[in-house]
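Undergrad: Below you'll find the structure I mean.
The values are calculated or read from the model by the stated rules, or taken from the named source; none is laboratory data. Since we're looking at a predicted model, the values are computed, not measured. Ideal geometry is used to build each Cβ from the backbone, glycine not excepted, and the neighbour counts take in all protein chains shown.
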Amino acid sequence: MKRRQFLAQAVRTGIVLSALPALGRFPAQALAYTPTLSRLRKLTEQSNRVFVLIQLQGGNDGLNTLVPVENPLYYNARPTIAIPKAQTLPLTDTLGWHPALAGFKELYDRGELAIVQGVIYPNPDRSHFRGTDIWVTATDADVFLGTGWLGRYLETLVADLPVGELPPEPLAVQIGGASSLVLNSERGLLGISFRDPRQFYRLVSQGDIEFGGSVPDTPAGQELLFVRSIAKASQRYAEFVRRAAERGTNRVTYPDTDLAQKLRIVAQLISGGLGAKVYVVGIERNAFDTHAYQGGVAGVHASLLQELSDAVRAFIDDLKALGVADRVAGMTFSEFGRRVQENVTRGTDHGTAAPLFVFGTQVLGGRVHGRDPDLANLDPRGDLLMQYDYRQVYAAALLQWFGAPQAQVQSILLRDFSPLPLFQVPTVVGEAPPEEFRLEVYPNPASQVATLSFTLPADGYVELSLMDLQGRRLSNLLHGEHSAGHHRIPVYLGQLSPGIYLLRLRVGRRTATRAFEVVR
Amino acid sequence: MQRREFLTTVVDPFRRGLTLLEQLSSGKPLQVPAGLEPYVPSAEVPWDERSAGHLLRRAGFQATKEEIEWALTRTPQEVVETLLRDLPLPEAPGVWVNEEPRYPPDLALDAQRMAELQRWWFRLMVESDRSLREKMVFFWHNHFTTDKDKVRTPQYHYIQNDTFRRMVWGNIRALTRAMVSDPAMLIYLDNNENMVGKPNENFARELLELFTLGVGNYTEWDVVAATRALTGWRVIGLRSVFVPQRFDDGVKTFLGQTGRWGTDDVIRIIFEHPACPLFLARKLYRFFVYAVPDERIVGQLAQLLVQNDFELKPVLRTLLGSAHFFDPQFYGAQIKSPLDFTVGLLRQLGIRDVEAMDYGVRAAAVLELELLNPPTVEGWKGHRLWMTSMTLPLRQRIAETLLDERTLRGEPLPFRVDVLAFARRFSSHHQARQFVRDVARFLLAYPITQEQEEWLLGELLQGAPEYEWKLDAPNADARVRLLLKAITRLPEYQLT
């Protein structure tokens, strides 16, 4: 029988699931689990992808990071801190790397690092705090929002989890630093933060706590709920962190810097199988706020760049050695760049647009997006003009890296931003809502026979599989070319154990999943 | 709530003097009908251990048993008056505070003195009985920030700290003016380097953004103008001097006023701006009352500040003695800072040994508040941001190990934690259940439930029948420790 024939027949006659030999072995208990989208998303190919956000606190000086070596305006504006062309590492005909960025150069040359020039937003704010808030909340300069862009993304992964219930695994981990708004969602901070995983799980109190009952809706009651939620999250996630830290390892030696040690922990936790999708690290304490004596080839700024570049190189090398590099990417960001003109104290004041870096083996690397900074056309304060909105980078991360659907990305970023081509798109682009293909199971719950139906907008390759909640494929119900239109397939559930199952439809590069329950 | 709706409800928190994270991580504003009229004890809001404890905990670093007992023999207004009384200045940590800075600096010596200064200050907090002063000195440290990474000469930190204490509830305009020429501040925000023709706008920007007006109340051009007007200052030795040759005496337009402005004019113009009293009032409100400001009360406090020409003491007197402050909704509605936690723990347990001060400084630092070392010029943002999945377990473990007379690392402490002496301060110490209730009420700003009381009683009795409990029984010491560990492990212990 040819495949098309088989398919046609299956569609006509239905599929008898009792013929599946393996099913009886799964205990019903393991399957009787609340179906959550987060659980489902873990199953899609791109779902084990991890994103690492590196914050450079204080406002990194872009012009001394990627040096416009052929531009006399640069050298005129920076009599004491400019990097002489001969000292830079070659990048393009007109740009040179700061000599401390040998690590970045190597990644770039290997195609594992991309550069985006001139990133900021319209009407830039030169306050550290407001500027950082804008970057992490992904809003316009005059819009105030209390949730972070990654928090809003992660929230979509647990959309059907009751409010107040913790996700089964930590969705995000911040290593060191004060809690970042970037992970804040309308459900609160989605993630945990610690400096050292071993210290974290050893600390989490051995003693039990009588938490008391419900609390009144008073300010103190709300604060108490907040502290309790932290206490419970710590207790719950400490065990995950312990297992990941014990299983995980590192295969390269990292530099002995703060950032490198944080990234070392990230690699360890990823290799140990922690399910977090986002890691947040940074060089803290406003270190990049180089108002005075920032140095040139050497000095304060140079050593910060060195810390950054050496740490990221070690991280990627480690991820490769650990065999997990293809599912990790990341980016740097800083609240603003610095003024073109150096100040009297051989430093630079707060500015605007600056380059940022995107890194990882699955990054479309070895490219510079955007032109060299235009030092002849500055804003009235003497600052660089914007080339790209920072949300074009976020859109790329959400769409290309995480495979989030377009509509969702638009909702996360509040508007549509055209993504820059920065990441390799995974084979399966994204989980479509079941409505997209009108994927239905009727009745649901079902006991003996259920009818599966779906609609194809166009002819295409279709795969329909039955899975358990652990993501194991139990059966391939359909696979092959299928014509446009509405399709109905009766399925005989036969001896399938009672419990919850997932039906996954894959059409081209889109998938849709529906949960259904079998009862007796 | 939909995201779009959410977006529109959060309107310009900066004008309220809050960063987004502070605002959003701290819940909704309160509707408390009581205003700034004086608090009069009533059946609904009696003057008792809870209300007196509320005042003392907020005005100091938690309360001692003696303080609460004393307060209950006075009226609330008498207590506020005592908290605001002027005290003699403490003796300096050493004669070195008057020593001219050495060049090149002796790094080891400076580090040792910096630590000495931290211990000295921490001790002032621990010993601060019936006084608001040290809490307010910390307020100013967190407002006019300086850190020891950038300002490496301990003398400068002492000078600034001493200024805070001298001017603690004096005139805020005068204090702000003093900060312009404060050596630590001049170095920390680079105004030391700001000179005619070669501006450095670091200080001018933070003066407007973080110290007086808040974002949105000035333009980039005001930053430029203020930067020029604030030129001329240099740090020389232990003092600052004004060097006319470095001053930009040209005409500037600052906040709409044009003239050949200098430092005093900048300060005068800022304090004429209506945003300034509001900005300061909000910060005071958040520090003493609740993380989300009540704009009605903030407006009244701002008006009071203006009426009193920015003298702080009358404003503090009104706020801390007000019916609004004493509304029971606020009891326990703040999250303890690491200082409330560490200084408070030592004070509650009656530990004042000199050796405990170093321990306290380190414990607060582990909890992310090292004195003289704020994370950024914005200071510690506080409230819910103190609580993370790391710092909460750390706090629980710090209390637990302290009660075992050990450091976090498990080494023996150089001082004793006399829990029997602690217990004896409670007249109920021979009646197990009442004792548990009294200790919980003393240590917690938030009432415990019946189940929690049973659980705590179980921790104390360890299976023994209630009637057998005696403080002089063998093992009573260990059992009191178990009780205190259980109480400090409760999420409720993090509230104040």
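Undergrad: Just to be sure I understand, how many residues within the range B:172-193 are assigned to a loop (DSSP other than H, G, I, E, B) and without any contact (Cβ under 8 Å) to a residue 40 or more places away in the chain?
TA: We begin by selecting, within the range B:172-193, every residue assigned to a loop (DSSP other than H, G, I, E, B); these are B:181-182, B:189-190.
After this cut, where a residue has to be without any contact (Cβ under 8 Å) to a residue 40 or more places away in the chain as well, the list is B:190.
Total satisfying the criteria: 1.
Undergrad: Which of (1) among the hydrophobic types (A, V, I, L, M, F, W, C); (2) in contact (Cβ under 8 Å) with a residue 60 or more places away in the chain; (3) buried (at least 22 other Cβ atoms within 10 Å of the Cβ) is the odd one out, the single condition A:LEU375 does not satisfy?
TA: The failed condition is (3).
Undergrad: Testing B:VAL196 on (1) over 23 Å from A:GLY58 (Cα atoms); (2) away from chain A (no Cβ under 14 Å), one condition comes back false. Which one is that?
TA: Among (1) over 23 Å from A:GLY58 (Cα atoms); (2) away from chain A (no Cβ under 14 Å), B:VAL196 violates only (2).
Undergrad: For the range B:441-450, which residues satisfy the criterion of being touching a residue at least 40 places away in the same chain (Cβ under 8 Å) and either within 14 Å of chain A (Cβ to nearest Cβ) or of a type in the set (Gly, Ala, Ser) (or both)? Spell out the reasoning first.
TA: Of the residues in the range B:441-450, the ones touching a residue at least 40 places away in the same chain (Cβ under 8 Å) are B:441-446, B:448.
Across the range B:441-450, the qualifying residues are B:LEU444, B:ALA445, B:TYR446, B:ILE448.
Undergrad: Looking for something surrounded by fewer than 21 Cβ atoms within 10 Å (Cβ to Cβ), within 14 Å of another protein chain (Cβ to nearest Cβ), in contact (Cβ under 8 Å) with a residue 24 or more places away in the chain and not aliphatic (A, V, I, L, M) - is there at least one such residue anywhere in the range A:264-281?
TA: No, the range A:264-281 has no match at all.
Undergrad: Could you check A:ARG187 against (1) free of Cβ contacts under 8 Å to residues at least 24 places away in the same chain; (2) more than 7 Å from chain B (Cβ to nearest Cβ) and say which number it fails?
TA: Here A:ARG187 clears every test but (1).
Undergrad: When the range A:278-310 is examined, which residues are found to be farther than 24 Å from A:THR88 by Cβ and at pLDDT below 95?
TA: We begin by selecting, within the range A:278-310, every residue farther than 24 Å from A:THR88 by Cβ; these are A:278-282, A:284-286.
Once the filter is applied, which keeps residues that are farther than 24 Å from A:THR88 by Cβ and at pLDDT below 95, the range A:278-310 yields A:GLU284, A:ARG285, A:ASN286.
Undergrad: What about B:ASN200, is it surrounded by 19 or more Cβ atoms within 10 Å (Cβ to Cβ), modelled with pLDDT under 95 and either more than 20 Å from B:PHE310 (Cα to Cα) or under 21 Å from the mean Cα position of the chain (by Cα) (or both)? Step through it out loud before you land on a result.
TA: Details: surrounded by 19 or more Cβ atoms within 10 Å (Cβ to Cβ): yes; modelled with pLDDT under 95: yes; either more than 20 Å from B:PHE310 (Cα to Cα) or under 21 Å from the mean Cα position of the chain (by Cα) (or both): yes.
Yes: the conditions hold for B:ASN200.
Undergrad: Restricting attention to the range A:194-231, which residues are at pLDDT 85 or above, out of contact with any strand residue (DSSP E or B) (no Cβ under 9 Å at 6 or more places or on another chain) and charged (D, E, K, R)?
TA: Matches in the range A:194-231: A:ARG198, A:GLU210, A:ARG228.
Undergrad: Tell me, please, whether a residue that is assigned to a helix (DSSP H, G or I), surrounded by fewer than 23 Cβ atoms within 10 Å (Cβ to Cβ) and either outside the structural domain of A:LEU166 (by TED's automatic domain parsing) or of a type in the set (S, T, N, Q) (or both) can be found in the range A:203-211. I'd like the intermediate steps shown before the answer.
TA: Step one: of the range A:203-211, the residues assigned to a helix (DSSP H, G or I) are A:203.
Cutting the leftovers down to surrounded by fewer than 23 Cβ atoms within 10 Å (Cβ to Cβ) gives us none.
No, every residue in the range A:203-211 fails to be assigned to a helix (DSSP H, G or I), surrounded by fewer than 23 Cβ atoms within 10 Å (Cβ to Cβ) and either outside the structural domain of A:LEU166 (by TED's automatic domain parsing) or of a type in the set (S, T, N, Q) (or both).
Undergrad: While we're on this one: Considering the range A:365-417 alone, what residues qualify as being of a type in the set (D, E, K, R) and within 30 Å of A:ASN48 (Cα to Cα)? Quick ask: steps written out before the conclusion?
TA: Initially, the range A:365-417 is screened for residues of a type in the set (D, E, K, R), giving A:367, A:371-372, A:374, A:379, A:381, A:383, A:389, A:391, A:415-416.
A:ARG367, A:ASP389, A:ARG391, A:ARG415, A:ASP416, listed by residue number.
Undergrad: Give the residue that is surrounded by the most Cβ atoms within 10 Å (Cβ to Cβ), with candidates limited to residues of the range B:408-440 that are of a type outside the set (A, V, I, L, M, F, W, C) and within 14 Å of chain A (Cβ to nearest Cβ).
TA: Quick first cut of the range B:408-440, residues of a type outside the set (A, V, I, L, M, F, W, C) only: B:409-412, B:414, B:416, B:418, B:424-425, B:427-431, B:433-434, B:437-438.
Of the ones still in play, those that are also within 14 Å of chain A (Cβ to nearest Cβ) are B:409-410.
Numbers: B:ARG409: 6, B:GLY410: 8.
Applying the filter and picking the extreme gives B:GLY410.
Undergrad: Mind listing whichever residues of the range B:85-117 are touching a residue at least 60 places away in the same chain (Cβ under 8 Å), surrounded by 11 or more Cβ atoms within 10 Å (Cβ to Cβ) and within 30 Å of B:THR318 (Cα to Cα)?
TA: Residue satisfying the conditions is B:PRO90 alone.
Undergrad: Please go through the range B:213-235 and give me each residue that is closer than 17 Å to B:GLY262 by Cβ and not small (Gly, Ala, Ser), ordered by number.
TA: Applying the first criterion (closer than 17 Å to B:GLY262 by Cβ) to the range B:213-235 yields B:222-234.
If the condition is that a residue be closer than 17 Å to B:GLY262 by Cβ and not small (Gly, Ala, Ser), then B:ASP222, B:VAL223, B:VAL224, B:THR227, B:ARG228, B:LEU230, B:THR231, B:TRP233, B:ARG234 are the ones that fit.
Undergrad: Just to check your reading of the model, which residue among B:THR82, B:THR163 is free of Cβ contacts under 8 Å to residues at least 24 places away in the same chain, surrounded by 14 or more Cβ atoms within 10 Å (Cβ to Cβ) and assigned to a helix (DSSP H, G or I)? Step through it out loud before you land on a result.
TA: Numbers: B:THR82 fails: free of Cβ contacts under 8 Å to residues at least 24 places away in the same chain.
Being free of Cβ contacts under 8 Å to residues at least 24 places away in the same chain, surrounded by 14 or more Cβ atoms within 10 Å (Cβ to Cβ) and assigned to a helix (DSSP H, G or I) holds for just one of B:THR82, B:THR163, which is B:THR163.
Undergrad: Also, quick follow-up: Give the range A:137-180 a look and list any residue that's facing chain B (nearest Cβ under 9 Å) and under 15 Å from the mean Cα position of the chain (by Cα), or say none.
TA: A:THR137, A:ARG152, A:PRO170, A:GLN174, A:SER180
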